[in-house]
Amino acid sequence: MNVKCFLTCFVILLLFTPSIAQKLKEKQVPVLISKTFKDTYPKAKNPEWKLEKDGSFEVEFKNEEEELTVVYNPEGVFLFMEKEVDADKIDPAIREYILSVYKNCKIKEYSILTFPDGTENYEIEIIFNKKEIDLIFDDTHRLIKEKTED
């Protein structure tokens, strides 16, 4: 349980900390991380690597028809995967909550965050009162983080 809590907190910090990510060429990525990525996602197309402010490595890519982002720590350990999903597939309970709290909002993006233990969080980006707001829900559909973009 502590590992799940730690990973959830880490992801929340990673997602909501102002990012000053440095784009990397694949040859700048440590061999261990690059190899782990290639072994796990052999069909990945057009990987784009970034070194995050916290030292983690993020790679965005297409894997068959899915758009994915995977994050590794500096030692090459998988931290989480983010998969973009059609906003129509948001769980009805989460959608109902959003539309009741943020009346007349526009749902911009929906992603599923998957952790090493298989648990999932749900990230929804909305436009409300001309502001961009990121919401993260845990696997019980409870809101665990809200951040307004400046």
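The values are calculated or read from the model by the stated rules, or taken from the named source; none is laboratory data. Just so it is clear, the model here is predicted, and its values are computed rather than measured. Reconstructed Cβ throughout: ideal geometry from the backbone, glycine too, with neighbour counts over all protein chains shown.
Check whether at least one residue in region 91-106 is closer than 28 Å to K35 by Cβ and in contact (Cβ under 8 Å) with a residue 12 or more places away in the chain, and report yes or no. Steps first, please.
Quick first cut of region 91-106, residues closer than 28 Å to K35 by Cβ only: none.
Checked region 91-106: no residue is closer than 28 Å to K35 by Cβ and in contact (Cβ under 8 Å) with a residue 12 or more places away in the chain.
Confirm whether E109 is surrounded by fewer than 19 Cβ atoms within 10 Å (Cβ to Cβ), acidic (D, E) and more than 26 Å from L79 (Cα to Cα). Can you show your working first?
Numbers: surrounded by fewer than 19 Cβ atoms within 10 Å (Cβ to Cβ): yes; acidic (D, E): yes; more than 26 Å from L79 (Cα to Cα): no.
No, not satisfied.
Of the conditions (1) out of contact with any Leu (no Cβ under 9 Å at 6 or more places or on another chain); (2) within 19 Å of K25 (Cα to Cα); (3) not in a strand (DSSP E or B), D54 fails just one. Which one is it?
(1)
Kindly list, by first and then second residue, each pair from a residue in region 127-140 that is free of Cβ contacts under 8 Å to residues at least 24 places away in the same chain and within 18 Å of D117 (Cα to Cα) to a residue that is among the β-branched types (V, I, T) and part of a loop (DSSP other than H, G, I, E, B), limited to pairs with Cβ atoms under 9 Å and residues at least 6 apart or on different chains.
D139/T119
Looking only at region 49-69, filter to residues that are in contact with a helix residue (DSSP H, G or I) (Cβ under 7 Å, 6 or more places away or on another chain) and modelled with pLDDT of 95 or more; which one of those is surrounded by the fewest Cβ atoms within 10 Å (Cβ to Cβ)?
S56
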